[in-house]
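Encoded as structure tokens, the structure appears first; notes follow it.
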Amino acid sequence: MIDVVMPQMGESIVEGTLTRWLKKPGDKVERDEPLFEISTDKVDTEIPSPVAGTLAETLFEAGAVIGINTVVARINDGAAAADPAPAPAAEAPTLAPDKSVANPAVLEPTGPAPEAPPVPDPQASAPPPPAASAPTPSAAPAPAPAAEPAEAELGLLSPLVRKMARENNIDLATVKGTGAGGRITKEDLESAISAKAAPAPAPAPAAAAPAPAAAAPSAGAPPPPARAEAAKYRIEPMSTMRQKIAEHMLASQETSANVTTVHKVDMTNIAKLRDRQKDAFKAQYGYSLTFLPFVLAATAKALREFPIFNSSIDGKNIVYHNDINIGIAVALDGGLIVPVIQHADEKNVVGLQREVVDLAARARSKSLKPADIQGGTFSVTNFGSFGSVFATPMINQPNVAILGVGTVEKQPVVVNDAIAIRSMCYLANTFDHRLIDGALADQFTGRVKQLLENWSDSVL
Amino acid sequence: MLAPAVSRTCEVRDLGAMRWGAAYALQAELVGQRQRGEIGDQFLLVEHPHVVTMGRNGHASNVLASPEVLAATGIEYYETNRGGDVTYHGPGQLVGYPIVHLNEWKRDVHAYVRALEEVIIRTLADFGVTGERVAGATGVWVGEAKVCAIGVHLSRWVSSHGFALNVATDLQYFQYIVPCGLTKPVTSLRQLGVAASMDEVKSAVCRRFSEVYEYQ
């Protein structure tokens, strides 16, 4: 057994931070293959293994600050006495993927890939054949999960043994203890792991595997059956961006207490106005007039009247923003962004429409400036443009509410006890219930509705 | 102290403008060649298109912009194996990647990083600017503001990554990150009133680099 110590990285350096394990207990390592990384003062250093063998024990977790010359890990170099494990056979299969884990060159694209070996090794990752290493028949038919049996059955187990068993999917009940009083030792586990990693000898699976289980995919049984039929799925690592979006979305959901209220708005006045003026508008300004700037104008006015919707939470304080800066969600290929219309309350419908067109175009051509996406105090998302009637938008943190605009469509509605055809739209307001109560949310949404339904100003 | 036993030389490669990913791949290749003794020390100089990179010790919270924002503003994003937290590179910033075998200089990561700071401090002095070290905050500072970020990776005593010196960087882009996790301002030679061209700064850096690391 060889000790690996924290190396001295310079004359004046007495300690370093272990930033990351590149191997885990039970892994085979080659001599000079990086074992772990340490960080000292903006320098990250890979520490290679002094010998070839099996990483037997790690004595610190990532993040630990460790003095120099302290033992950090132990490597079983095979010199340790009576180890019956068929070492050469066990070594072979894991070689290739390990190299790719350790080699930083695989980082080249955007992916943070190092944790996940890009080349799956069926022998290393597939569940073990049920009874490959099981001398007792008790483990029989089902591929027994490596649950940790009760202490009473197995005697005392060290945390290391438990950890190794868990990480290598070894059923401790199948391991014969050779320690004091039949206790399972680390060496026993290593033998079991080696036996598992080695291609299983022919007789074991044949004897133990019952007929139906033999058909299980990639059970790791002797010669892996050739895959004749087409793959049933494809595994692709998420891009870094996708992972980050996932984090952001969950973080938003965990931050605020989201509730959505929906109001039905009669947009007929605005639809008629738009129909009357859209050609002239296009001729005069060069871009089309949509419903969105009307919603933005009404929202900005309502935000001035209900300032809590234009706030954010800072600890136990409410920060009321004086400026009304409305973010508008713009869909991109593979993502979305929320550029901001600054001082939205100071702009008329023409100006708002101009900003919407400009920000969306620049978002899609990747030419937004930092200032274009900062300082939003409220958000509007126009999922109606994709045909959605209504949805429950996610709050764009640190805002406390977001207004979703559904598609505007003609519907039969009851007006003065008669059925009329009106241009209807649903407004969905998702608000942070930590700060805003339902009654207030409905007053605010109701105010936006009222402003839209009673719109009379000409645009041109 | 290990004194260099033989005369050491260093090859300077001016890569011009190169995407971060391509420069990273080149570094990885050169590090391997250097470890195997196929080449001598290398000093790469490069300007990257807009990119935000995250070091091994970085915290996602130090990237203030969402990935969507970064994408929409044409900024690439990478996670990397260098030391340090998040940083930004872009046009107008001189990035230097020394691939140096420390066995042939000093086997001392602190000495290496302090020397890198010294290269920048002497370069700044060439343009009349006083750069300083701040204890516990690797990099080079002018007053309260950081002008040069440093982050290094070592593999078998061969260095990669290095420094990023703001010559005429559009500092607006630093708004997207908390540089190195520190909420301190950043500055550039341009902002400090130095009108030197990128080429002038490059040749000063090369001269000072060779001096500090004792190349022939």
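Just so it is clear, none of the values below were taken in a lab; they were calculated from the coordinates. If you're wondering where the values come from, they're calculated on a predicted model, not measured in any experiment. Here the Cβ positions follow ideal geometry from the backbone for every residue, glycine too, while neighbour counts run over all protein chains shown.
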**Request:** Could you tell me which GluC sites (Glu not before Pro) in segment B:11-105 are loop residues by DSSP with no more than 11 other beta carbons within 10 angstrom of their beta carbon?
**Result:** B:GLU38
**Item:** Within a Gaussian network of chain B (alpha carbon springs, distance under 10 Å), most fluctuating of B:LEU192, B:LEU116, B:LEU45
**Value:** B:LEU192
**Request:** Kindly identify segment B:98-216 as rounded, prolate or oblate by the Cα gyration tensor criterion: order the square roots of the eigenvalues as a ≥ b ≥ c, call it rounded if a/c is under 1.5, otherwise compare a/b with b/c, prolate if a/b is larger, else oblate.
**Result:** oblate
**Message:** Among the listed pairs A:LYS366/A:LYS449; A:LYS316/A:LYS366; A:LYS282/A:LYS449, which have their C-alpha atoms separated by more than 32 angstrom in this model?
**Reply:** A:LYS366/A:LYS449; A:LYS316/A:LYS366
**Asked** Alpha carbon centre of segment B:57-134 versus segment A:382-460: separation in Å?
**Response** 49 Å
**Asked** How would you rank A:441-451, A:425-435, A:4-14, highest first, on the average number of other Cβ atoms within 10 Å across their residues?
**Response** A:425-435, A:441-451, A:4-14
**Asked** Counting only other chains, what is the mean number of Cβ atoms within 10 angstrom of the Cβ of each residue in peptide B:139-152?
**Response** 1
**Complete:** Cross-link reach from A:LYS186 to lysines, straight Cα distance under 16 Å and at least 8 residues apart if same chain, gives A:LYS24, A:LYS28, A:LYS163, A:LYS176, A:LYS196
**Net charge, B:VAL201 excluded, C-beta distance under 15 Å - Lys, Arg +1, Asp, Glu -1** = 0
**Asked** So, how do all the Cα-to-Cα distances of segment B:76-133 break down into 5 Å bins, in percent, from 0 on up?
**Response** 4, 12, 18, 24, 21, 15, 6, 0
**Asked** Projected area of segment A:249-350, taken from the Cα convex hull and averaged over every viewing direction, in nm²?
**Response** 9.1 nm²
**Message:** Just to confirm my numbers, what's the Cα centroid distance between segment A:243-277 and segment B:146-196 in Å?
**Reply:** 40 Å
**Overall form of segment A:382-460 per C-alpha gyration tensor (a/c, 1.5; a/b vs b/c)** = prolate
**More than 19 angstrom apart: percent of Cα pairs within segment A:351-406** = 40 percent
**Request:** Return the average number of partner chain Cβ atoms within 10 angstrom of each residue Cβ along peptide B:19-25.
**Result:** 2
**Asked** Looking only at other chains, what is the average number of their beta-carbon atoms within 10 angstrom of each beta-carbon in B:98-108?
**Response** 1
**Fill in**
In this structure, the FRET efficiency calculated for A:GLU167 and A:VAL71 from their beta-carbon separation, with R0 = 25 Å, to the nearest 0.05, is 0.75
**Asked** Antiparallel DSSP bridges in chain B: what percent, to the nearest 5?
**Response** 70 percent
**Extent along principal axes [Cα atoms of chain B; Å; largest to smallest]** = 50, 36, 32
**Interchain or long-range residues, amide H under 5 Å from A:PHE378's placed H** = A:ASN325, A:GLY327
**Prompt:** What does the highest-first list of A:416-424, B:134-142 look like by mean Cβ count within 10 Å?
**Reply:** B:134-142, A:416-424
**Item:** Reachable lysines from B:LYS146, criterion Cα separation under 26 angstrom, eight or more residues apart if same chain
**Value:** A:LYS42, A:LYS369, B:LYS184, B:LYS202
**Message:** Can you give me the angle between helix B:109-126 and the longest principal axis of chain B, using Cα atoms only, in degrees from 0 to 90, rounded to the nearest 10?
**Reply:** 70 degrees
**Asked** Dipole of segment B:32-154, Cα-centred, from +1 at each Lys and Arg C-beta and -1 at each Asp and Glu C-beta, to the nearest 20 debye?
**Response** 320 debye
